[in-house]
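The values are calculated or read from the model by the stated rules, or taken from the named source; none is laboratory data. This is a predicted model, so every value here is computed, not measured. Heads up, the Cβs are rebuilt from the backbone with ideal geometry, glycines too, and the neighbour counts pull from every protein chain shown.
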Amino acid sequence: MADQFPTLSADAVRQIIAQSLKPDEYRNQRVLLIVPDNTRTAPLPLLFGAVFETLRGAVKQLDVLVALGTHPPMSEVAICQMLGVSPAERAGLFANVQFFNHEWDVPESLVHLGALSKAETFKISNGLMAEDVPVTINKLVEHYDTLLVLGPVFPHEVVGFSGGNKYFFPGIAGADILNFFHWLGALISNVGIIGIKHTPVRAVVDRAAKMITATRRCLAFVVAKDGNLHGLFYGTPEDAWDKASDLSSQVHIQWVDKPFQQVLSCAPLMYDELWVAGKCMYKLEPVVADGGELIIYAPHLAHISVTHGKLIEQIGYHCRPYFTEQMEKFQEFPRGVLAHSTHVRGAGTFENGVEKCRVRVTLASQIPPDMCEQINLGYRDPASINIEDFANREDEGVLLVRKAGEMLYRLKP
C-alpha cells in the first residue's frame, strides 16, 4: 500500500516548512521546539534545519526539548547527531539554541496545570476508569510563547496513532497522567486500540493539552520505509495530527490474509532496550495465530529497561487479566510499567491462578536465558538464527519482518 504513495523531496519539505511557518506570526516570540528522541524514524536533520532556517531571523529564542516520556535522557552529543548539528555548528550557528531533556521523575522540573476529574475520566474512558488525575507538565512550557511539536505519526499501541498532543502527554508530562494514560490503553488492549484513530486515550491527551496556556502548533509528518516523508502537515496539534493519522492509516498498515504460526520480528538498532523493542510485538500481535510464536530478534539488545528494568524484573511480562484479577498484589507498581508488561506479553487469560497467554513471545537478544525465564518470556540464542531461513515462507505460516516496530500488520476482515 505504501508504495502507491509518493515521497517528498528535500526541497519540497523545505518549501512546505517555509510556507507554513510564517515568520511574521513568530516575530519576537520565544519558541520551544518539541521533538522525539532517537527511538523514532525521522529525518530530523532536514526538518530541524528547515525550521531553524525559517524562524531564526524572526524569533527571539528557539530552543529544543526532547519528549522522552520515561525514556533515558540523551547526551548533548546524541541530540546534536539526531538533529544533524555538527560540533562546529553547535559552537557557531546553533550556539544560542538550548537543548533540554524532559525529566518526568524530577518534581522540580514540572508544573501543575490542573486535573482531570473523576467524572471526566469516567466519561472519556467509557466507564473503564474513574479517578481524579493531576495534570503536570514540564515547566519549560511556561517560559515560551509558542510550543511547536515536530514529530512523526505512526500506529501506536496505547493511543491509536502517535503524534500531535501526545508529544505533550505523555511526552513531556509527569507521572500521574502518564500512568493513567498507559493503563487506560492497557485496559482497552493493544489489539483493541493500535491503528484506530479516535480512541479514549487520544481524548485524554487532547483534553489535557487544552490546559496549556501557550500557543500550540505542530508539524506532523508521515515517514516512508526509506526514511523520506510521505506527507508533512502544519497547524494546531489536533488539525495536523488529524491529517497525518489519515495518511498513516494508509501507508503504515500492512493487511494480510491469514495469521502466521511463527513471526521473526527484527528490532532495528534504535531499539536498544526491551522497553522500546516491545514495539516488535505490538505491531505484529494482530497477525500471530493462536498458540503461535513471535520472536523479537535483537542481538544488539542488552537491557530490559534502563529506567524501569528493576521493576520489570520483579513483575515479569504477563497478560492483562494476570494483573486485573489480582491488583492488590501490584498496587505499589506504576501502572505505566504494568501496561508495558501486558502489551509485550499480549492477550491471554488468568483463571484459577493459571495464566494462559494467546501467543508465545520469545526474546533473542543478549538478555540471558535465566532472566528471560524470570520475566516470563521465552529465550533463543540469537546466534542460532539465520534471518534468511525465515524469508519468503508466508505460505508456510512463517513471516519475516526485517525492520519491525513501525509498520502495523493486521488481518483482512
Tally time: how many residues in the range 275-294 are assigned to a helix (DSSP H, G or I), of a type outside the set (V, I, T) and touching a Phe, Trp or Tyr at 6+ places or on another chain (Cβ under 9 Å)? 5
For the range 336-355, pairs from a residue that is under 14 Å from N179 (Cβ atoms) to a residue that is in a helix (DSSP H, G or I) and of a type in the set (K, R), with Cβ under 7 Å and 6 or more apart or across chains, are T342/R320
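Out of all the residues in the range 159-181, which are assigned to a loop (DSSP other than H, G, I, E, B) and within 19 Å of L247 (Cα to Cα)?
Matches in the range 159-181: V159, S162, G163.
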With respect to G84, determine if the residue is at positive phi, assigned by TED's automatic domain parsing to the domain that holds I177 and of a type outside the set (D, E, K, R). yes
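Answer yes or no: is there a residue in the range 279-296 that is of a type in the set (D, E), within 18 Å of the chain's Cα centre (by Cα), surrounded by 23 or more Cβ atoms within 10 Å (Cβ to Cβ) and more than 20 Å from L44 (Cβ to Cβ).
Going through the range 279-296, the residues of a type in the set (D, E) turn out to be 285, 290, 293.
Going one step further and asking which of them are within 18 Å of the chain's Cα centre (by Cα), we end up with 285.
When the remaining residues are screened for being surrounded by 23 or more Cβ atoms within 10 Å (Cβ to Cβ), the result is 285.
From the residues that got through so far, the ones that are more than 20 Å from L44 (Cβ to Cβ) too are 285.
Yes, because at least one residue in the range 279-296 is of a type in the set (D, E), within 18 Å of the chain's Cα centre (by Cα), surrounded by 23 or more Cβ atoms within 10 Å (Cβ to Cβ) and more than 20 Å from L44 (Cβ to Cβ).
Just one of L184, L247, L140 is surrounded by 24 or more Cβ atoms within 10 Å (Cβ to Cβ) and either in a loop (DSSP other than H, G, I, E, B) or in the same structural domain as V59 (by TED's automatic domain parsing) (or both); which is it? Give the derivation first.
Details: L247 fails: surrounded by 24 or more Cβ atoms within 10 Å (Cβ to Cβ); L140 fails: surrounded by 24 or more Cβ atoms within 10 Å (Cβ to Cβ).
The match here is L184.
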Selection from the range 54-80 of residues touching a residue at least 24 places away in the same chain (Cβ under 8 Å) and assigned to a helix (DSSP H, G or I) yields T54, L55, A78
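Looking at this structure, is E131 surrounded by fewer than 24 Cβ atoms within 10 Å (Cβ to Cβ), among the charged types (D, E, K, R) and outside any helix (DSSP H, G or I)? Explain how you work it out, then say what you get.
Values: surrounded by fewer than 24 Cβ atoms within 10 Å (Cβ to Cβ): yes; among the charged types (D, E, K, R): yes; outside any helix (DSSP H, G or I): yes.
Yes: the conditions hold for E131.
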Could you look through the range 388-411, keep only residues that are part of a strand (DSSP E or B) and surrounded by 14 or more Cβ atoms within 10 Å (Cβ to Cβ), and pick out the one that is nearest to the chain's Cα centre (by Cα)? L408
If we only count helices (runs of 4 or more DSSP H) wholly inside the range 295-387, which ones have 2 or more residues that are in contact with a Gly (Cβ under 7 Å, 6 or more places away or on another chain) and under 30 Å from H102 (Cα atoms)? 335-345
Quick one: how many residues across the range 82-113 are more than 15 Å from I34 (Cβ to Cβ) and touching a Pro at 6+ places or on another chain (Cβ under 9 Å)? 4
List the number of the failed condition for D105; all other conditions in (1) surrounded by 14 or more Cβ atoms within 10 Å (Cβ to Cβ); (2) in contact with a helix residue (DSSP H, G or I) (Cβ under 8 Å, 6 or more places away or on another chain); (3) touching a residue at least 40 places away in the same chain (Cβ under 8 Å) hold. (1)
For residues that are closer than 17 Å to G235 by Cα and buried (at least 18 other Cβ atoms within 10 Å of the Cβ), tally how many sit in the range 7-19. 4
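Give the residue, chosen from Q254, Q261, that is touching a Phe, Trp or Tyr at 6+ places or on another chain (Cβ under 6 Å) and surrounded by fewer than 18 Cβ atoms within 10 Å (Cβ to Cβ).
On the way: Q261 fails: touching a Phe, Trp or Tyr at 6+ places or on another chain (Cβ under 6 Å).
Step by step, each of Q254, Q261 is checked, and only Q254 is touching a Phe, Trp or Tyr at 6+ places or on another chain (Cβ under 6 Å) and surrounded by fewer than 18 Cβ atoms within 10 Å (Cβ to Cβ).
In this structure, is E273 out of contact with any Lys or Arg (no Cβ under 7 Å at 6 or more places or on another chain), outside the structural domain of I177 (by TED's automatic domain parsing) and free of Cβ contacts under 8 Å to residues at least 12 places away in the same chain?
Criteria not met by E273.
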Would you point out the residue of the range 188-226, among those that are outside any helix (DSSP H, G or I) and of a type in the set (K, R), that is farthest from P170 (Cα to Cα)? K225
Report yes if some residue within the range 90-109 is over 27 Å from V31 (Cβ atoms), in the same structural domain as H182 (by TED's automatic domain parsing) and not small (G, A, S); otherwise report no. no
